[in-house]
Structures are given as structure tokens and as C-alpha cells.
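S.K.: Before I ask anything, here is the structure I am working with.
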Amino acid sequence: MPVDLNGYWKMTVNENFEEYLKALDVNVAIRKIATLLKPDKDITHNGNHIIIKTLSTFKNYNMDFEVGKEFEEDLSGVDDRKCMTTITWEGDKLVCVQKGEKEGRGWTHWVEGDELHLELRACGVVCKQVFKKQS
């Protein structure tokens, strides 16, 4: 049984985010703003249907998907690309593969105690983020 991701999560760690954004060719002005933000995650997880809302004072990003079903993801507001995305469970980890212009792009979410971990990947660059569950 996959882990329960439901909840509201506040960012506590954001390592190597600017390098990750550089790998995505995000312009310097947006990178500078983005690295100052500490976005929250609001996750609704019901069976194979998951909605991940990334919320910040600058921009919000909503991802609504069914685990195991490929879909076209519009990354407007991130790096303005589109890619074919598939998200699957690998044990207790939610793994995303984003096929498009950028090699090796994707992410992995998992829970350890009251922390949600997120590893973002693109072009060999890895960013690690940690979020603490809110009561």
C-alpha cells in the first residue's frame, strides 16, 4: 500500500534549487525570485488520484493526475515547456518521469515521519527539498 501523502506541508529545506533552475534554462530574474520563496505543498491523495498544489506568494502550480497514466503536462510558469509525464509508485516513493526537451527530467516524493521529501532532477542536476507536515 503506497504511503498517504494527504496534508499541508511547509518547506524547511531547499538545496541546489538555483542550479536546478539553471539546468531548465530559467532566466536569471525568475531564478532570483524563485530561490527566495519557500513554497508550501497542499496534497490531496485519494487512491490513484493525486492533486499536488505548490503554493507561494509569487506563483502557484497545480498538478492533478492519475498514478500510472501518461499525460501532457503544461509547465507554463515553471520553464514554459510541455512534456509527457508519467507518475508511478516505486515502493513507498512517488516517481515522476517528464519526457521532453530536457534530459533526465523528473522528481521523486516520499515521506519520512512528519517530513515530505522531494528530489527534483534535470540534466544531471539534483535539487533536494524537505517539507514539514502541518497539523
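The values are calculated or read from the model by the stated rules, or taken from the named source; none is laboratory data. Remember, it's a predicted structure, so these values are computed and weren't measured experimentally. Ideal geometry is used to build each Cβ from the backbone, glycine not excepted, and the neighbour counts take in all protein chains shown. Please note that ligands, DNA and RNA were not included when accessible areas were found on the heavy atoms of the full protein model with its side chains. Shrake-Rupley method; radii C 1.70, N 1.55, O 1.52, S 1.80 Å.
S.K.: Amide H to amide H, which residues 5 or more places from R105 or on other chains are under 5 Å from it, using H placed in the peptide plane?
M.R.: Q98, C123
S.K.: Let me ask something else. Taking every pair of Cα atoms in the stretch 1-96, average 1/r, invert it to obtain the Kirkwood radius, and report Rg/Rh to two decimals.
M.R.: 0.97
S.K.: Run the dipole for the chain about the Cα centre, Lys and Arg Cβ at +1, Asp and Glu Cβ at -1, nothing else charged, and hand back the magnitude in debye, nearest 20.
M.R.: Charge dipole, the chain, about its Cα centre: 380 debye, nearest 20.
S.K.: If you don't mind, another one. If R0 is 35 Å, what FRET efficiency do you get for K38 and S76 from their C-beta distance, rounded to 0.05?
M.R.: My answer for the efficiency is 0.95.
S.K.: Give me the one-decimal Kirkwood hydrodynamic radius in Å for the stretch 66-135, with the sum taken over alpha-carbon pairs.
M.R.: It works out to 13.0 Å.
S.K.: At a 1.4 Å probe, what is the % contribution of carbon and sulfur to the accessible area of the chain?
M.R.: 50 percent
S.K.: Let me ask something else. For a quick check of your reading of the filter: which GluC sites (Glu not before Pro) in the stretch 64-100 sit in a DSSP loop and have no more than 14 other Cβ atoms within 10 Å?
M.R.: When the GluC sites (Glu not before Pro) of the stretch 64-100 are filtered for loop state and at most 14 Cβ neighbours within 10 Å, E70 remain.
S.K.: On to the next question. Where only protein heavy atoms count, and the probe is 1.4 Å, what is the accessible area per residue for the chain in Å²?
M.R.: So the chain comes to 55 Å² accessible per residue, rounded to a whole number.
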